[in-house]
Amino acid sequence: MTNDIRASAQQLAGQDESLVHQKLVAMFRQLPNVLIFTFVATSALAFYFYDHSRELGLWTWWGAMQLVSLLRLASLIWWRKSHARTDVNWSRVLHVFCASALLVGVLWASFTLAYFSSASASQRMVISLVMSTVAAGSVSVLALVPWVNRVFIALLVGPLVLLFAMAGKSDDLVVAGLGVVLFIGLTGFSRVTGENFVSSVMAAQRQHKKMASVFAQRDELIKAKDELEARVMRQIAALQAEMDLKERYAQELDKIANCDQLTGLLNRAGFDEGLKRMLSAARDRQQVVGMMAIEVLHFDVVELQGSLVSDQVLLAMADRLKHFMPQLSLIASWGGAEFFVAIAQGDIEASETPFWNRYAALVQDVLQQPIDTDAGPICVDVLMGITRYPDLAINNELMFYQSAAAKHNLRKLGVGGIKVFDPHLDASLKDRHQLRQALHKAIEASSLSLAFQPLVPNIKSKPGKMEALLRWQDAEFGQVSPAVFVPIAEESGLILPLGRWVLHSACATATTWPNKTMVCVNVSIHQILSGHLPDDIQSALEDSGLDPSRLEIEITESIFAQDLDFICAVLKAVRELGVGVAIDDFGTGYSSLAYLRRLPADTVKIDRSFIQELDRDAQKFLFSLVTMARGLGFHIVAEGIETEQQRDFLLGLGVDYLQGFLMSKPIAADDALAWLNKLPTDRRGS
Ligand code: C2E
Ligand code: CA
Ligand code: CA
């Protein structure tokens, strides 16, 4: 163990400046004590040994001692300032320190050598005591440089041992022997103290190294941790950026999937989804949800101005809805001039129809304000079908169905306005739906037929006429009036094949009648607007071989609301075939004189409603109606004649034909010929 320490001490002594520095730290720490002790001891000795014969030698010795002490004091001051410097060769400083110590040792030895021989016994005791004390004390300072300490102890103890031994007395020899023992003991202490110091310095250094490596490791770990953190932060930032991007893409996709391209409002899918959520929230919060289906009336007229203008109108309407509706409402549009709005309301009032009528009136007012477009300001009329959750509709499907049904009801009337769904409407709608299905089957099975109602002329010379009237006897619904099923056929487009069949069938039947007897066929506006009417008429005439002059078509006055130029062109083409045109239900529509003048028609049929109650006012009105029609060059038919009084009055006005139950109810096709044959020859138009 001791060898190990010594070996490593040597190793350190050879290479480790820091060990030298450590030694200097310990040695300089003791130096103040050494200097004080030296001053006191040298002064005491000089004083004790003072006499005239020794005056010069003593003071020289004392002075030399103090001079060396002063130099050592200077070195101490320098050390205190410079001990932390790194540019100092500490081995050299140690050498200087040791040299100064050895110089002090030499001075102490010189005192012994100079004054021992002439000293008294007690003085010799004092010298021995002082030298032993200094030698013992040196261990605490010089043990760190063992050979210097050994030389120092030898310088102090050696002369004493020598001088006592040379004295030759047995007592002196004992003291000399004790001096040798003292030398051996002190050098032993010095060695062990030096080794202890080295081993503790080494332990401290090992500890220091260990700490340094621990700190280095800690620093490395901190660095690695910082780097890791930085990497994690970078990755988190990258991840965040990716997530943001993903979120943006998702939002874009969501927008594409759930929004209308033109208006940016919700589309069908988005609205459906939103409405589901709204209804379920309303269920939890006991709210009422109102849904409005809004349609622009006659949007096709706006579309005629070009797609730019119609888009401007739709965008402006979407914008107004966005601004007007409360924040959480759902607003949708998916092509066409239709909007859907759903709002949740907590008010008790919201479960009542008047509330929604008032609300819708506000929306309607907002939408019907003039819209600035490239074609100038445009005003649109809107119609709104409304339903509400939970008392009318209980789910999405019913909300859609009922609001559309209420709107449909208005559209059928051809007017704008607001209608809250009512369950009676639903019943009639359902009936209509079933009727539509049955009508399909009836057309496929050719189970429809025609009845004919005579139009009797006022004078014998005119040809008789028979109006063809559709009849449908259904197994389930019984006899269905054309007033009910013709509009259904119009809605579903069935009217086109049906109308074609009526034309063919009526013309074919008419060929069996006496010559010149005309057949009148009711024609729907849809047939006219389809553009195929002249062709259909021609093919019916060709197929039956009926003379065109024996066919007349009847169109209702309500068609004037449509595109008049186009209608006029079609009717002109019909007349060019040699076929007559009559305006049915004359007086009920809004036709102005200007319209009537333009219309390529030969005949007007005064509506039954003007004839039913023939009070004075009605008589005046009929008089002016007939006068006007005649003034425009029309032939005049009065329909719905049920009484002789009606017949006589109208004959008095000079109408050309009379039609009504008084003359005959509509008769089955098979009986029509028999009826005509019963007429006097000149009434049949032959
Ligand atoms: P409309 O053209 O005004 O036909 C006359 C309607 O008045 C017929 O009813 C006829 O039965 C009824 N009527 C005739 N005289 C009298 C009378 O003195 N008193 C009363 N109360 N009614 C009388 P109908 O057959 O029910 O036809 C109703 C409507 O159905 C027709 O009105 C016509 O607009 C339409 N319609 C009938 N057949 C056809 C058709 O083949 N094609 C098209 N597009 N519509 C048709
Ligand atoms: Ca008619
Ligand atoms: Ca009529």
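The values are calculated or read from the model by the stated rules, or taken from the named source; none is laboratory data. Worth saying up front: this structure is predicted, and the values here are computed from it rather than measured. Cβ: placed from backbone, ideal geometry, glycine included. Neighbour counts: every protein chain shown. Side chains included, ligands, DNA and RNA excluded: accessible areas come from the protein's heavy atoms. Shrake-Rupley method; radii C 1.70, N 1.55, O 1.52, S 1.80 Å.
Evaluate the charge dipole of region 500-631 about its Cα centre and quote only its size in Debye, nearest 20, assuming +1 on the Cβ of each Lys and Arg and -1 on the Cβ of each Asp and Glu.
380 debye
Could you pull out the pairs from Lys225/Lys246; Lys246/Lys276; Lys572/Lys665 whose alpha carbons sit more than 28 Å apart here?
Where the Cα-Cα span goes over 28 Å, the pairs concerned are Lys225/Lys246; Lys572/Lys665.
Quick check: at a probe of 1.4 Å, how many percent of the accessible area of the chain sits on carbon and sulfur atoms? Before the final figure, lay out the partial values.
On the way: 20950 of 35920 Å².
Within the chain, the accessible surface is 58 percent carbon and sulfur.
Suppose we keep just the alpha-carbon trace of region 262-351; what are its Rg and Dmax in angstrom?
Looking at region 262-351, its Cα Rg and Dmax stand at 14.7, 48 Å.
Considering only the chain, what is the antiparallel percent among its DSSP beta bridges, to the nearest 5?
Details: 36 of 63 bridges.
Just about 55 percent of them are antiparallel.
Which of the listed residues, Ser91, Ala293, Gly185, is farthest toward the dipole's positive end in the chain, when Lys, Arg count +1 and Asp, Glu count -1 at the beta-carbon?
Gly185
Using the Cα centre as the reference, give the magnitude of the dipole from point charges on the C-beta atoms of the chain (Lys, Arg: +1; Asp, Glu: -1; all else neutral), rounded to the nearest 20 debye. Can you show the working numbers first?
On the way: 62 positive and 73 negative charges, 1060 e Å.
Roughly 5080 debye, rounded to the nearest 20.
What is the gain in length, in nm to one decimal, between Ser120 and Arg597 on full extension, counting 0.36 nm per residue of separation less the C-alpha to C-alpha distance? Mind showing how you got there, number by number?
On the way: separation 477, 0.36 × 477 = 171.72 nm, distance 17.30 nm.
Computed gain between Ser120 and Arg597 is 154.4 nm.
Could you sort Asp171, Asp431 by accessible area so the largest value comes first, with the probe set to 1.4 Å?
Details: Asp171 110, Asp431 80 Å².
Result of the area sort, largest leading: Asp171, Asp431.
Rounded to whole Å and ordered largest first, report the semi-axes of the equivalent ellipsoid of the chain derived from its Cα gyration tensor (root of 5λ).
Working: eigenvalues 4183, 103, 85 Å².
In descending order, the three semi-axes are 145, 23, 21 Å.
In terms of Cα to Cα distance under 13 Å, which aspartates and glutamates are near enough to Lys23, apart from those fewer than 8 places away along the same chain?
Here the aspartates and glutamates satisfying the reach criterion relative to Lys23 are Glu195.
Go through region 105-116 residue by residue and turn each phi into a ³J(HN,Hα) via Karplus (6.51, -1.76, 1.60, θ = phi - 60°); whole Hz please, and just put x for glycine and proline.
Couplings: x, 4, 5, 4, 4, 5, 4, 4, 5, 6, 10, 5 Hz.
Compute the acute angle (0 to 90°) between the alpha-carbon long axis of helix 353-367 and the principal axis of greatest extent of the alpha-carbon atoms of the chain; round to the nearest 10°.
80 degrees
Tally Lys and Arg at +1 and Asp and Glu at -1 over the other residues with C-beta under 14 Å from the C-beta of Phe566: what net charge comes out? Write down the numbers at each step before the final one.
Details: positive: Lys572, Arg598; negative: Asp300, Asp563, Asp565.
Result for the neighbourhood of Phe566: -1.
Can you tell me the length gained on complete extension of the stretch Glu542 to Met628, counting 0.36 nm per residue apart and subtracting the Cα distance? Kindly include the intermediate steps, with their values, before the conclusion.
Details: separation 86, 0.36 × 86 = 30.96 nm, distance 3.63 nm.
Contour length minus Cα-Cα distance gives 27.3 nm.
Expected output is a single nm value to one decimal: the length gained when fully extending between Ser43 and Lys169, i.e. 0.36 nm times separation in residues minus the C-alpha distance. What is it? Could the numbers behind the result be given before it?
Working: separation 126, 0.36 × 126 = 45.36 nm, distance 3.06 nm.
Contour length minus the Cα-Cα distance gives 42.3 nm.
From the residues Ala508, Val141, Leu265, which one has its Cα farthest along the dipole of the chain in the positive direction, the dipole being from +1 and -1 charges on Cβ of Lys/Arg and Asp/Glu about the Cα centre?
My answer, from the dipole projection, is Val141.
Would you mind putting 220-230, 539-549 in packing order, based on average other-beta-carbon counts within 10 Å, highest first? Kindly include the intermediate steps, with their values, before the conclusion.
On the way: 220-230: 10.2, 539-549: 16.0.
Highest-to-lowest ranking by the protection proxy: 539-549, 220-230.
Give me a comma-separated list of calculated 3J(HN,Hα) values for region 304-309, in order, Karplus coefficients 6.51, -1.76, 1.60 applied at θ = phi - 60°, integers in Hz, x for any Gly or Pro.
My calculation for region 304-309 gives 5, 7, x, 5, 4, 5 Hz in order.
If you plug each phi of region 342-352 into the Karplus form 6.51 cos²θ - 1.76 cosθ + 1.60 with θ = phi - 60°, what whole-Hz ³J(HN,Hα) values come out, in order, with x for Gly and Pro?
10, 9, 9, 10, x, 4, 4, 4, 5, 8, 10
Can you list the lysines whose alpha carbon is less than 18 Å from that of Lys460, not counting same-chain residues fewer than 8 positions off?
Lys516, Lys678
With a 1.4 Å probe and all protein chains left in place, how much accessible area per residue does the chain have, in Å²?
Working: 35920 Å² over 686 residues.
It amounts to 52 Å² per residue over the chain.
Among the lysines, which have Cα under 23 Å from the Cα of Lys441 when same-chain residues fewer than 8 positions away are ignored?
Lys430
Can you give the angle from 0 to 90° between the axis of helix 616-631 and the longest principal axis of the chain, with both taken from C-alpha atoms, to the nearest 10?
90 degrees
Between Phe324 and Leu70, what is the label-point separation in nm under the 7 Å Cα-to-beta-carbon projection?
Reported label-point gap for Leu70 and Phe324 is 11.4 nm.
Counting Lys and Arg as +1 and Asp and Glu as -1, each charge on the Cβ, what is the dipole of region 206-343 about the Cα centre in debye, to the nearest 20?
Numbers: 18 positive and 20 negative charges, 278 e Å.
So the magnitude is around 1340 debye.
Under the definition of Cα pairs under 8 Å and six or more residues apart, what whole-number percent is the relative contact order of the chain?
Once divided by the residue count of the chain, the mean separation gives 8 percent.
Within region 144-163, whose backbone N sits under 15 Å from a point 7 Å along Cα→Cβ of Asn33?
Only 144 pass the distance filter.
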